[in-house]
Amino acid sequence: MKPRRRWLWSLLAVLVVAGLGYLVLNALQRAVLFPSYATRAQRNAGDGVAGLERLWIEGDQGRVEAWLLPGEGVSPEAPGPAVIFAHGNAELIEHWPEVMGRYRRMGVSVLLPEYRGYGRSEGTPSEEGITEDFVAFYDLLVARPEVDPGRVVFHGRSLGGGAVCALAKHRPPAAFVLQSTFTSVTAVASRWFVPRFLVRDRFESIDVLRGTDAPVLIVHGRRDTLIPVSHAHDLERATRRARLVLYDADHNDCPPDWESFWRDVEGFLGEAGVLDGSRD
């Protein structure tokens, strides 16, 4: 074989391998970022949760679910604050009503939007699709007479921090609570030497925080092995009005003491002007 022809065949082989690698990486990264296959929707999920209202939107890939849990004492005559809570990537909305009950006792209504392809929701999860759905759910929430649209908090855990920051590009929060979350997916992927241009769903949260004046509570575990605590410090430095609270915890056991966590959240929301100071 002539040298020139051999060189062309070698180049073609490299391009084919690179192309196959790109396709495999594209498929694998969403399976890792959105492991909806690792969750199973409960048949009677939500039964017995006091006041639960099921909301549905019709997206371009089908129906997506959210649960609304009213805060204590709120009504059309006495509208109160609300929080939009986005869960982690291997969780479902039905895992959270009991924990979120503390918000309700503060007089804060809770909206739990599901991700596309999770639980009973249709479609395939992606940053673009999740953001579109969260915007639609936000608009439904603030249109309700029992919700004060000027006091809506965005609370995200792990991947959920990226989801609520993506929402903040389109709708303004009164405050953020970011729990064990990242600066961006690209920063996390770089630990495994994945180049930025190959990351499909980037969730560049740090860029959102650089552009916001909303107060931000950042909660993280000092021993987090999945999303290192350096992400929390970087988020704090990027934010004009940040409070950083660190716990002696890893990723999935943060916070180690929920009572302490809720005291931190309640104090933060009080200072941010979200809570009604007249409540006990």
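The values are calculated or read from the model by the stated rules, or taken from the named source; none is laboratory data. Model, not experiment: these values are computed from the prediction. Here the Cβ positions follow ideal geometry from the backbone for every residue, glycine too, while neighbour counts run over all protein chains shown.
Here are some residues: T225, T239. Which one is touching a helix residue (DSSP H, G or I) at 6+ places or on another chain (Cβ under 7 Å) and either modelled with pLDDT of 95 or more or under 24 Å from A168 (Cα atoms) (or both)? Can you show your working first?
Numbers: T225 fails: touching a helix residue (DSSP H, G or I) at 6+ places or on another chain (Cβ under 7 Å).
Going through T225, T239 in turn, the sole match is T239.
Can A82 be described as over 21 Å from G48 (Cα atoms), within 15 Å of the chain's Cα centre (by Cα) and among the hydrophobic types (A, V, I, L, M, F, W, C)? No. Only residues that are under 14 Å from A66 (Cα atoms) and assigned to a loop (DSSP other than H, G, I, E, B): list them for segment 108-157, please. Listed by number, the residues that qualify are E114, Y115, R116, G117, Y118, G119, R120, S121, E122. Checking each residue in segment 253-279 for being surrounded by fewer than 16 Cβ atoms within 10 Å (Cβ to Cβ) and modelled with pLDDT of 95 or more picks out D253, P256, D257, W258, E259, S260, R263, G267, G270, E271, G273.
Pick from V245, V216: which is crowded, with 16+ Cβ neighbours inside 10 Å and closer than 22 Å to V147 by Cα? Reasoning before the result, please.
Numbers: V245 fails: closer than 22 Å to V147 by Cα.
Result of the check over V245, V216: V216.
To keep it simple, each residue is scored yes or no on (1) buried (at least 23 other Cβ atoms within 10 Å of the Cβ); (2) more than 27 Å from D60 (Cβ to Cβ); (3) at pLDDT 95 or above.
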{"position": "V135", "(1), (2), (3)": "no, no, yes"}
{"position": "P149", "(1), (2), (3)": "no, no, yes"}
{"position": "H155", "(1), (2), (3)": "yes, no, yes"}
{"position": "S158", "(1), (2), (3)": "yes, no, yes"}
{"position": "A168", "(1), (2), (3)": "no, no, yes"}
{"position": "P172", "(1), (2), (3)": "no, no, yes"}
{"position": "F176", "(1), (2), (3)": "yes, yes, yes"}
{"position": "S180", "(1), (2), (3)": "yes, yes, yes"}
{"position": "V188", "(1), (2), (3)": "no, yes, no"}
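One residue stands out among those in segment 89-105 that are in contact with a helix residue (DSSP H, G or I) (Cβ under 6 Å, 6 or more places away or on another chain) and farther than 18 Å from A45 by Cα: the one that is surrounded by the most Cβ atoms within 10 Å (Cβ to Cβ), which is N89.
Restricting segment 137-147 to residues that are buried (at least 19 other Cβ atoms within 10 Å of the Cβ) and in contact with a strand residue (DSSP E or B) (Cβ under 6 Å, 6 or more places away or on another chain), the residue that is farthest from W56 (Cα to Cα) is V147. What tally of residues in segment 145-198 results from selecting those that are among the basic types (K, R) and in contact with a helix residue (DSSP H, G or I) (Cβ under 8 Å, 6 or more places away or on another chain)? Qualifying residue count for the region: 3.
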